[in-house]
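Structure record follows, encoded as structure tokens.
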There are 2 protein chains.
Amino acid sequence: MTLEEIARLAGVSRSTVSRVVNGDPRVSPAARQRVEEVIRQQNFHPHAAARSLASRRTRIVGLLIPYAVGKLFRDPFFPALIEGVVQACNEADHNVALMMETSEGGATSDRVYRRVIRGRHVDGVIIASSVVEDPIVARLKEDGFPFVLVGRHPHHDVSFVDVDNRGGAHMAVTHLLAHGRRRIAMITGPRNMIASIDRYAGYVTALQEAGHLPEPALTVAGDFTRRGGYHAMQQILSSGVELPDAVFVASDAMASGALQALRDASLRVPDDIAVIGFDGLEETLVSRPVLSTVVQPIEEEGREAVRALLELMEHPDRAPLQRVLPTHLLLRQSCGCEPESPVHQKGGDSLVASSVEVATA
Amino acid sequence: MTLEEIARLAGVSRSTVSRVVNGDPRVSPAARQRVEEVIRQQNFHPHAAARSLASRRTRIVGLLIPYAVGKLFRDPFFPALIEGVVQACNEADHNVALMMETSEGGATSDRVYRRVIRGRHVDGVIIASSVVEDPIVARLKEDGFPFVLVGRHPHHDVSFVDVDNRGGAHMAVTHLLAHGRRRIAMITGPRNMIASIDRYAGYVTALQEAGHLPEPALTVAGDFTRRGGYHAMQQILSSGVELPDAVFVASDAMASGALQALRDASLRVPDDIAVIGFDGLEETLVSRPVLSTVVQPIEEEGREAVRALLELMEHPDRAPLQRVLPTHLLLRQSCGCEPESPVHQKGGDSLVASSVEVATA
DNA sequence: GTCTATCGTGGGAGCGCTCCCAAGCCGATG
DNA sequence: CATCGGCTTGGGAGCGCTCCCACGATAGAC
């Protein structure tokens, strides 16, 4: 079943059918109706490859998970991002191609790059949180290929969508300070990811504004996993210096591990140590005590990345689009802003307690 | 840069270049070398759409997340499955298109179906855990479109890859019985998912083989989320009947919620109640006590699904391929088979304790 | 030395669309 | 009544490949 076939059945030309299919207004109502009728009854849909070949656009958006990031792929961050991306693509009648570098080094990466980018398989690419030194950014820029980063890039002037990591971290630490916490530790993410760097910067700034200096022994890098958070917390506890009375953790998964480490060390949260995480993913918020956290709009980030990319694909020469989404503070038990949830509350939901939200810029 | 261009530069015909690109042996070594050289220095890659149009194959595999399943998409199950699928596709030089029905009802679903399947956008589809009554299965079968289910289907004779849900559940419950547990509860998944049904069947069979009858008040359906597991456990505890001394939970996420509910109810695990989960995902295994669980090879399931699909795409008329992968029991603290992990163990990793594995058929 | 198989190669046809240009038709205009 | 512009329509050309067939060269068989 082809365009030509439909045209024959509707008694019009191939061109007219093409116009109907593509929503071209230059078709008489009568012809349009006839064609639409035939299309419906034949259950016709134009052939994607033929369309792509002739129009030089595939209507496919690539979603690239760099190898360095793939190790974190089990984190619920990615499903959330994917949902946002797919949703926006569906709305725009585009498809999503998932590109993952499944092995270390240039081999797979190069193969995927050639097949997908150079083979014009996709019209544009969204890169899920690249690491700072990832060569793909420079390569895409050089090739003049439309792309959008999820997470800003420090060295290149490129399009990106990011959340206000620095502001969110600043907010969290300022909140802890305002509640009388004085020795605030931080568990950061991997040092080569810009989100880690920005969250750390927010932490440092907040401390400095309050006249404190960050203490080296109180800052430990994790790897964004729960296990990493556990070990980082252990490291802080066993560092020999005076124990902190609060810890800001760069991801909820790590915060969850940190809570575990504190429990294992018989420290009470929030009484002995207050904890604030980062992410706001519902999955990782079910803890005892319920985690206070900086919420970032991940799905919205995915949607926004698609919007930016579509815009970029439409106007390849336009200046880079850069969008930073706000974060907000969700204050619950682990920072002491909300009472412990009652146990066996009749009809209530004590797994995720209601929460005090603090909206921000 | 086209085939023709490369041909001109290499002093051969378009056909010869095509043969080289596609690994056709009917090319002289001299010509092949010359062409490969030109391709390399021009960084050429054939145009995907042109290729697809002429060859009538896209080399794209669709990965469909049905709407009913999408609500569970945040579960680490899906990243694991995706990783397996993408890995196998990369190896076979295929691409992955992610299809999600992002809204309820036929609208999006139909739109995606038409665009992707009827538009011949993909050569075949992998369906991630459909629900029993999903009409997509019958539709694909009717259209004669190659597809593989992740999770078997009870009504249709179709290709699928599944894990031995029933056997795994049977193993877990038999283990609990062997350790003297007598009142064994079960938290199942949604009743319209075949994995739930099979795991429940294994539970019932194991009980019956030991001369027990499943007690209705001790079986509660969850929704595969942590919160669902929490509520299900609460429901069992407050049902008024004699408390169980063990509970088999159909997913690790739910088991994690169940542990929380038990803790809130001041019940000790495993002393008062033993718990065994299902999944074996590392992320959800970090709990106190560390969860015993039935491990299913999710990534392998994804890889296997791709292999089956490629086979099916190669031979469209062949009989359905059905493959069931084995599960195994991972015995740790929550069923009492492993001591509580020591706290602040020097150099050790007490977040995920070492474990006793029981390999099975 | 002729006949036939084998191998490497080239080029035509065509995949199913989109894009562009030209042609036909209409009512409005001077 | 001839002219003009807007609207609708049709068809040619071509997107960059693959597939098939045919051609010439080489080599082996008789």
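Before moving on, here are some points about what is shown:
- Tallying residues that are out of contact with any Lys or Arg (no Cβ under 9 Å at 6 or more places or on another chain), under 19 Å from B:A319 (Cβ atoms), surrounded by fewer than 20 Cβ atoms within 10 Å (Cβ to Cβ) and in contact (Cβ under 8 Å) with a residue 24 or more places away in the chain within region B:120-151 yields 1.
- Test: residue in region B:203-213 that is away from every other protein chain (no Cβ under 14 Å), touching a strand residue (DSSP E or B) at 6+ places or on another chain (Cβ under 8 Å) and outside any loop (DSSP other than H, G, I, E, B): yes
- Matching residues, region B:264-296, being at the interface with another protein chain (Cβ under 9 Å from one of its Cβ atoms) and of a type outside the set (S, T, Y): B:D264, B:A265, B:L281, B:E282, B:E283, B:V286, B:R288
- For region A:18-72, the helices (runs of 4 or more DSSP H) that sit wholly inside it and include 3 or more residues that are modelled with pLDDT of 95 or more are A:29-42, A:48-55.
- Residue-level analysis places B:I117 outside the set of residues that are more than 7 Å from chain A (Cβ to nearest Cβ) and not in a helix (DSSP H, G or I).
- In region B:197-213, the residues that are in contact (Cβ under 8 Å) with a residue 12 or more places away in the chain form Cβ pairs under 6 Å with partners that are among the aromatic types (F, W, Y), at six or more places apart or across chains, as follows: B:Y203/B:F248.
- Selected residue (criterion: farthest from B:V116 (Cα to Cα)) from residues of region B:50-62 that are facing chain A (nearest Cβ under 7 Å) and crowded, with 24+ Cβ neighbours inside 10 Å: B:S52
- If you go through region A:216-229 and keep only what is within 14 Å of another protein chain (Cβ to nearest Cβ) and either outside any loop (DSSP other than H, G, I, E, B) or on the phi > 0 side of the Ramachandran plot (or both), you end up with A:F224, A:R226, A:R227, A:G228, A:G229.
- Residue match in region B:130-147 (condition: within 11 Å of chain A (Cβ to nearest Cβ), among the aliphatic types (A, V, I, L, M) and outside any strand (DSSP E or B)): no
- Number of positions in region A:244-256 that are more than 19 Å from A:L330 (Cβ to Cβ) and touching a helix residue (DSSP H, G or I) at 6+ places or on another chain (Cβ under 7 Å): 1
- Within region B:88-98, considering residues that are within 8 Å of chain A (Cβ to nearest Cβ) and modelled with pLDDT of 95 or more, the one farthest from DNA strand D (Cβ to nearest atom): B:L98
- A:M1, sole failed condition from (1) facing another protein chain (nearest Cβ under 10 Å); (2) under 30 Å from B:G70 (Cβ atoms); (3) away from DNA strand D (no atom under 16 Å from the Cβ); (4) out of contact with any Cys (no Cβ under 6 Å at 6 or more places or on another chain): (2)
- Summed over region B:268-287, residues that are in a loop (DSSP other than H, G, I, E, B) and in contact (Cβ under 8 Å) with a residue 12 or more places away in the chain total 9.
- Here B:T16 meets each of (1) polar (S, T, N, Q); (2) assigned by TED's automatic domain parsing to the domain that holds B:P135; (3) over 16 Å from the mean Cα position of the chain (by Cα) with one exception, condition (2).
- Matching entry among B:R26, B:R32, B:R8 (being within 12 Å of DNA strand C (Cβ to nearest atom), under 43 Å from the mean Cα position of the chain (by Cα), of a type outside the set (D, E) and farther than 21 Å from A:R115 by Cβ): B:R26
- Residue in region A:290-299 that is closer than 12 Å to A:A185 by Cβ and not charged (D, E, K, R) present: no
- Annotation: of all residues in region A:35-51 being of a type in the set (A, V, I, L, M, F, W, C) and within 38 Å of the chain's Cα centre (by Cα), the one that is nearest to DNA strand C (Cβ to nearest atom) is A:A50.
- The single condition among (1) in a loop (DSSP other than H, G, I, E, B); (2) under 26 Å from B:H47 (Cβ atoms) that A:V85 does not meet is (1).
- None of A:A261, A:A232, A:A246, A:A255 is farther than 30 Å from A:V125 by Cβ and within 10 Å of chain B (Cβ to nearest Cβ) except A:A261.
A quick yes/no check of all residues on (1) within 16 Å of DNA strand D (Cβ to nearest atom); (2) without any contact (Cβ under 8 Å) to a residue 40 or more places away in the chain:
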{"residue": "A:V27", "(1), (2)": "yes, yes"}
{"residue": "A:A30", "(1), (2)": "yes, yes"}
{"residue": "A:V35", "(1), (2)": "yes, yes"}
{"residue": "A:Q41", "(1), (2)": "no, yes"}
{"residue": "A:A49", "(1), (2)": "yes, yes"}
{"residue": "A:R59", "(1), (2)": "yes, no"}
{"residue": "A:L63", "(1), (2)": "no, no"}
{"residue": "A:G84", "(1), (2)": "no, no"}
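- Looking only at residues in region B:8-25 that are within 9 Å of DNA strand D (Cβ to nearest atom) and more than 14 Å from chain A (Cβ to nearest Cβ), the one that is surrounded by the most Cβ atoms within 10 Å (Cβ to Cβ) is B:V17.
- Of the residues making up region A:63-73, those that are at the interface with another protein chain (Cβ under 9 Å from one of its Cβ atoms) and closer than 27 Å to B:A48 by Cα are A:L63, A:I65, A:G70.
- Selection count, region A:230-246, where residues are outside any helix (DSSP H, G or I) and within 16 Å of A:Y200 (Cβ to Cβ): 2
The values are calculated or read from the model by the stated rules, or taken from the named source; none is laboratory data. Note that the structure is predicted; figures quoted are calculated from it, not measured. Every residue, glycine as well, gets a Cβ built from its backbone with ideal geometry; the counts of neighbours run over all protein chains shown.
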